[in-house]
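Nothing in this text is a laboratory measurement; each read-out follows from the coordinates by a stated rule. If you're wondering where the values come from, they're calculated on a predicted model, not measured in any experiment. Methodologically, a virtual Cβ is constructed for each residue, glycine included, from the backbone with ideal geometry; neighbour enumeration extends over all protein chains shown.
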Amino acid sequence: MTTVRRTRRWRGVAAVALLASAVGVFATQPLVLLAGAVGAGFAAYPWLRSPPSVELDVSRSVTPTDPAAGEDVTVTVRVRNVGDSTLSDLRIVDGVPPMLSVSDGTPRHAAVLRPGSTTEFSYAVEAEHGRHQFDPTTAVARDVTGATEVETSVSADAAIECAAAVPEVPLREQTTLGSGRVLTADGGSGIEFHKTREYHSGDPMSRIDWKRRAKTGELSTVEFREERPASVLLCLDARPSAYRAADEDEPNAVACSREAISQLLTAVGSGRNAVGLAAVGRELCWHRPGRGTDHLADARQLMASHPAFSTVPPSVDAEWSTSGQFEEIRRRLGEKTQVFLFSPLTDEEVASFALELENGRTAVTVVCPDVTAEDTPGSRFAAVERDDRVRRLRSGGVTVVSWSPNEPLGPELLRAKERGL
């Protein structure tokens, strides 16, 4: 996204020039009139120049590539001018992952870049559990007069992966045909014992119960619980009300949810399961469930660039509506697709959406980042409302994982499955 705007840097010069010209005319002072004309020329000059053309290529490298929690990670950013214009005043702000804090240096940089030239800068962040995607890099370039600036965002596929990522996602029993990782109640081939039955002609020799044959002389066949692939949609609640944080210096719920989705995208999509993305926010995002490395790469690129995945809260005067987006997602869902919904559960709309899906035989798991504060009466009331929605969702059959963003997500998912929440 690119924005061009005037800085009004020469606004005062124009006013002084007009005043001097008026004084020169009425006072019949040629020198004053000439000074006003010169000033008017300076004020008009920026309007005669076209805005700078900003075409940048951004790449990042992180060291070490497999940090432990609490370890400093050095981020090196390289910015190359691939356009034809010299950028005489370029300001750069790298998109630090929202859940990470800068421990050394600064993600801001300034440079003069001629066509084809490159600038480089580094800073360090403190690693935290999970997979952390970088936000797009923001660049602002001003022309030589400083009267016009061009702001643009450039995405670069990079992430910091720390130990204790989600090792396995406890998916619910809503599967597609084929073999995969979700255990079903159906007997067949697999790895977990299900039952024995009478031998049928053509049953594989490897599944005959030879111990029973030796004891009784009867042939019987062992059946295992079948494993089938799942189709999973990871859905982000990024409506204005979801940008809630426990404190001004803490990541908001959308930032926490986006990092959680990034972790589950790797864990779910690494096997034979189909995984897709959706987001309700500035505009609807939809990436249908699919398989393969190219599909996962497209999903990560979408998370890095789509407006709905922005972790920056909307401005107070922002005008955009999420009306109908939940309904559109429900319409596009396949019969065998289960949903992981990431939301702080700030209102009834998102809770109703989860219950409607569950009642329509779509398995729903809500991952609810706990970002509620209890230091004011208002925040305590919001926490009570959230807890009430969690209870109602669980009563309606929805699995709800109440997750503290300060803790690893993987163990919390497994604990929720063990408790049957």
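Counting beta carbons within 10 Å around each of Ser402, Ser117 and listing the fewest first gives the order Ser117, Ser402. Put a dot 7 Å past the Cα of Thr63, heading toward its Cβ, do the same for Val96, and the two dots end up 2.0 nm apart. For the range 270-352, the ratio of Cα radius of gyration to the globular rule of thumb 2.2 N^0.38 Å stands at 1.19. A compact globular protein would have a Cα radius of gyration near 2.2 N^0.38 Å; the ratio found for the range 231-419 is 0.97.
Ordering 377-386, 274-283 by mean Cβ neighbour count within 10 Å, with the highest value first, yields 274-283, 377-386. Legend: translational diffusion of the range 56-162 by Stokes-Einstein, Rh = Kirkwood radius over C-alpha pairs, 37 °C, 0.692 mPa s; D = 228 µm²/s.
The stretch between Glu218 and Arg331 holds 35.4 nm of extra length on full extension. This uses 0.36 nm per residue minus the Cα-Cα distance.
Dimensions of the range 324-421 along the principal axes, based on C-alpha atoms and rounded to the nearest Å, stand at 43, 31, 21, largest first. In this simple spin-label approximation, Ser103 and Ala318 carry label points 7 Å from Cα along the Cα→Cβ vector, and these lie 3.1 nm apart. The simple spin-label model puts a point 7 Å past each Cα toward its Cβ; for Arg5 and Ser395 those points are separated by 4.8 nm. In a fully extended conformation the segment linking Arg288 and Asp247 would gain 11.3 nm over its present Cα-Cα distance, using 0.36 nm per residue.
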